[in-house]
Amino acid sequence: MKKTKLHILAMSMLLCIGTTVYAAETKQGALFPQTVGMTGKVTSKEVNIRNHPDIQAKVIGKVSNQAIKVVGKNDEWYKVIIDDKEGWVYNQYVEVARKDLIPYTKVKGEEVVEYGMKFIGTPYVWGGNNLRAGVDCSGFTQQVFKAFDVDISRVSYMQATDGPEVGVNQLRTGDLLFFDTNGINRGNISHVGIYVGNGKFIHSESDRGVTISNLKSPYYDRNFVKAIRVL
């Protein structure tokens with residue numbers, strides 16, 4: 001009888017613990033609740049709702065003094081649902097009861113790529129870090145991910161160690177691609193881009209600036225070294 005009671009108690013504890021699902025995030029290896037949403041309220045008038053957690057992101061709507069559902073956060077932004085549509089609102093305009101219960105939202109690769117495409121045509125500048133004035137290849141990737149509070153190294157060969165390696169047949173949108181563009185591919189990384197899907201990637205190329213190229217083009221196909229995942 002005593003063993004039976006202990007077994008029931010143990011199972012009850014497991015069921016209670018299991019009501020909150022946790023998932024590992026790439027940022028600092030922390031654990032965040034994955035399924036919790038909180039009711040909040042926008043405290044100002046005409047507050048912008050943006051499609052990315054960035055002050056320069058596209059405004060997709062406005063909200064004034066209205067109850068909302070907060071389903072995630074990224075740095076100083078809350079991911080909200082209003083009228084069945086998702087968007088991002090700056091946190092100073094939102095009141096929530098329990099900030100500790102709002103999950104850290106893992107950025108989707110599609111969001112990163114869409115943001116990066118805003119800068120197609122930005123000129124290549126060696127050592128550049130400005131997505132509008134000029135960037136080099138690793139400056140482009142670093143600054144794009146930084147907009148989503150994802151920190152990666154500054155130079156390409158160091159970025160290649162910022163996440164687990166993935167095979168070319170397992171590529172996902174948002175993965176980082178690395179190349180040896182020094183003449184002969186010896187595996188010495190000197191260039192990086194972001195995979196956008198359908199065999200293409202976006203990068204800052206020395207001749208064309210920020211542009212989209214085909215991974216299977218003869219030049220990039222023979223100079224490809226590896227891919228990693230940071231999201």
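Throughout, read-outs are computed from the coordinates displayed, never taken from laboratory work. Note that the coordinates shown come from a computational prediction; the quantities given were computed from them, not determined experimentally. As a convention, Cβ positions derive from the backbone with ideal geometry for all residues, glycine included, and neighbour counts pool all protein chains shown.
So for each of 135-141, 113-119 I average, over its residues, the number of other beta carbons within 10 Å; can you give me the resulting order with the highest mean first?
Answer by packing, highest mean first, reads 135-141, 113-119.
With Cβ to Cβ distances under 11 Å as the rule, what net charge do the other residues near Arg154 carry (K, R +1; D, E -1)?
-2
Highest mean first, how do 124-133, 47-56 rank when packing is the count of other Cβ atoms within 10 Å averaged over residues?
Highest mean packing first, the order is 47-56, 124-133.
Are there GluC sites (Glu not before Pro) in segment 73-113 that DSSP puts in a loop and that have at most 12 other Cβ atoms within 10 Å, and which ones?
Here the sparse-neighbourhood loop sites are Glu76.
If a/c stays under 1.5 just call it rounded; otherwise compare a/b with b/c (prolate if a/b is bigger, oblate if not). Do that for segment 91-231, with a ≥ b ≥ c from the square roots of the Cα gyration tensor eigenvalues.
Prolate, since a/c reaches 1.5 and a/b exceeds b/c.
Tally Lys/Arg at +1 and Asp/Glu at -1 over every other residue whose Cβ is under 13 Å from the Cβ of Val70; what's the total?
Once all neighbours under 13 Å are counted, the net charge is +3.
Contour minus end-to-end for Asn182 and Asp75, with contour as 0.36 nm per residue of separation and end-to-end as the Cα-Cα distance?
34.8 nm
Trypsin sites (Lys or Arg not before Pro), restricted to segment 59-102: which are DSSP loop and have at most 15 other Cβ atoms within 10 Å?
Arg98
Summing +1 for each Lys or Arg and -1 for each Asp or Glu, what net charge is found among the other residues whose Cβ lies under 12 Å from the Cβ of Leu131?
So the environment of Leu131 carries a net charge of +1.
Got a sec to turn the phi values of segment 210-217 into Karplus ³J(HN,Hα) couplings, 6.51 cos²θ - 1.76 cosθ + 1.60 with θ = phi - 60°, whole Hz, x for Gly and Pro?
Residue by residue, segment 210-217 yields 5, 8, 10, 10, 9, 4, 9, 5 Hz.
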